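The values are calculated or read from the model by the stated rules, or taken from the named source; none is laboratory data. The model shown is predicted, which means the values in this text are computed figures rather than measured ones. Positions of Cβ are backbone-derived with ideal geometry, glycine not excepted, and every protein chain shown enters the neighbour counts. Just so you know, the surface numbers come from the protein's heavy atoms only, side chains and all, with ligands and any DNA or RNA stripped out. Shrake-Rupley method; radii C 1.70, N 1.55, O 1.52, S 1.80 Å.
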Amino acid sequence: PLAYIFLRAGPSRVRPWLFTDITPHARPVWAVGRWVSDTCALWCLLAALTVSGLILGIFRLEADANIIETVVALWLPAAPALALIAAIRLVLDARPLTRGWVGDVLFFIIWMTLIIMGIIGTTDPETDQIILNPMTDAFGFVSPIVGAVDFPVTAVSIGGSTNTGQSVMTDAWRGVTDMSYVSARLAWLGIAAGLALVAGLIWAPKKPRNVKAAKLQYDQSAIEAASIRNVAFAAPMSIDAGTSTLIAVIISELKLMLSARFWILILLGASVAGAVLPFRTAAGPLLMLCLIFPIADASARWQSTSMQHLLDTVGPEKVGRALALFVAAAMIALLVMMPSAIRAVVFNEAEWLAHIFLIGVGMPAVLILLGAITKSAVTGRLLMLIAWYVYLSSAT
């Protein structure tokens with residue numbers, strides 16, 4: 001996800017689409033070129049991590065270290081995985097529908113699917129043991145574990161598991177240099193290149209918004225009657241611009257966040273569901289998911305550098321605007337979660353009030369802070385989707 005955020009919110013997100021979308025050129029070749037450049041950028045970050053890891057190894061490892069084996073053991077799983085992320089990002093960026101928040105949601109689904117496929121695809125249905133099947137391991141994190149031990153593996157846990165206190169002997173070099181694993185990593189690198197080619201084949205240019213122009217009927221006689229020589233001069237009146245108060249900015253942000261009717265319907269439906277569904281297993285995750293997208297979009301609405309300079313001339317200052325946006329987002333979130341809070345009080349479930357507070361106040365604060373730092377909605381949206389998944393899965 002951090003690699004995806006880097007590509008979607010980093011320097012590579014900027015491209016002169018006003019020229020490239022209308023200039024005749026071979027889009028598959030162009031897409032593959034973008035994939036190569038994005039992959040090289042991610043590999044440069046991986047190289048920096050490699051150097052950092054080697055420096056840590058000098059001070060932390062008690063035995064002799066083999067630099068070549070260490071680098072190979074890092075790059076074989078990680079390099080094709082980063083190339084695959086760059087290709088997936090290009091495919092999602094190829095169509096207008098998936099260039100925004102829809103694409104971020106699809107990436108989250110694809111990412112989780114590939115992780116689960118890496119575990120389920122290597123599980124033998126007859127013995128329920130993890131077997132060596134590297135072609136189903138897109139990110140290359142399961143097969144090295146299975147190939148590094150001499151005993152049967154019954155489960156692979158992501159994020160840690162209970163410590164049994166037993167010492168396990170592993171041969172990590174054997175796991176990452178197994179020929180079936182190496183060939184699978186090369187195959188996934190080829191799959192990533194193929195996805196980049198597909199992205200070029202399905203590429204669609206950005207579409208300008210259709211602005212409905214009013215039909216004007218011109219009357220030639222009226223135009224002649226209103227000629228310059230027949231119009232009396234009137235000095236323009238001076239208008240006091242006044243000042244932008246925080247209350248006015250808050251009201252403006254509320255109107256902008258609720259300007260799309262479908263979000264009003266979605267939030268209204270989630271709010272009603274919160275009054276009837278159990279909070280921890282259903283209502284809480286549903287409300288959190290529905291609130292992520294409008295608040296994340298609002299966090300990056302005014303963050304471009306040119307817009308910041310313009311807003312600085314009319315006020316309030318940047319901190320005041322962020323505060324107004326936070327108040328507006330928290331007001332909407334708490335209002336949507338009000339039925340859930342009432343249900344928690346009525347049914348004596350006060351333990352969920354802390355969850356309601358964190359979702360209604362803490363989540364908007366994090367999203368607005370990330371939007372101000374990264375000047376993009378992608379980072380906050382994707383990180384909150386990961387937090388939402390953790391929150392949903394931990395309920396069971």
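Could you calculate the contour length gain from Thr113 to Phe19, that is, 0.36 nm times the residue separation minus the distance between their Cα atoms, to one decimal place in nm?
30.2 nm
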Please sort by residue number the chymotrypsin sites (Phe, Trp or Tyr not before Pro) in the stretch 293-396 whose DSSP state is loop and whose Cβ has at most 10 other Cβ atoms within 10 Å. none
Rolling a 1.4 angstrom probe over the protein chains, ignoring ligands and nucleic acids, what is the accessible area of Trp173 in square angstrom, nearest 10? 90
For the chain, calculated [θ]222 nm from helices alone, where every DSSP H run of n ≥ 4 adds -39500 (n - 2.57): -20000 deg cm²/dmol
So the number of lysine pairs in the chain with alpha-carbon atoms under 25 angstrom apart, 8 or more residues apart or on different chains, is 7
Longest principal axis of the chain (C-alpha) makes with the long axis of helix 67-92 (C-alpha) an angle, in degrees to the nearest 10, of 40
If one compares the long axis through the Cα atoms of helix 246-257 with the longest principal axis of the Cα atoms of the chain, the angle in degrees, nearest 10, works out at 70
To the nearest 10 degrees, how steep is helix 378-394 against the longest Cα principal axis of the chain, on a 0 to 90 scale? 60
Residues with amide H under 5 Å of Val153's amide H, sequence separation 5 or more or different chain, H placed in the peptide plane at 1.01 Å from N; which? Ile130
Please label the shape of the stretch 1-154 as rounded, prolate or oblate, based on the square roots a ≥ b ≥ c of the eigenvalues of the alpha-carbon gyration tensor (a/c under 1.5 means rounded; beyond that, a/b larger than b/c means prolate, else oblate). oblate
Heavy atoms of Ile130 accessible to a 1.4 Å probe, total area in Å² rounded to 10: 10
Under the rule a/c < 1.5 gives rounded, and otherwise a/b versus b/c splits prolate from oblate, where does the stretch 162-203 land using the Cα gyration tensor? oblate
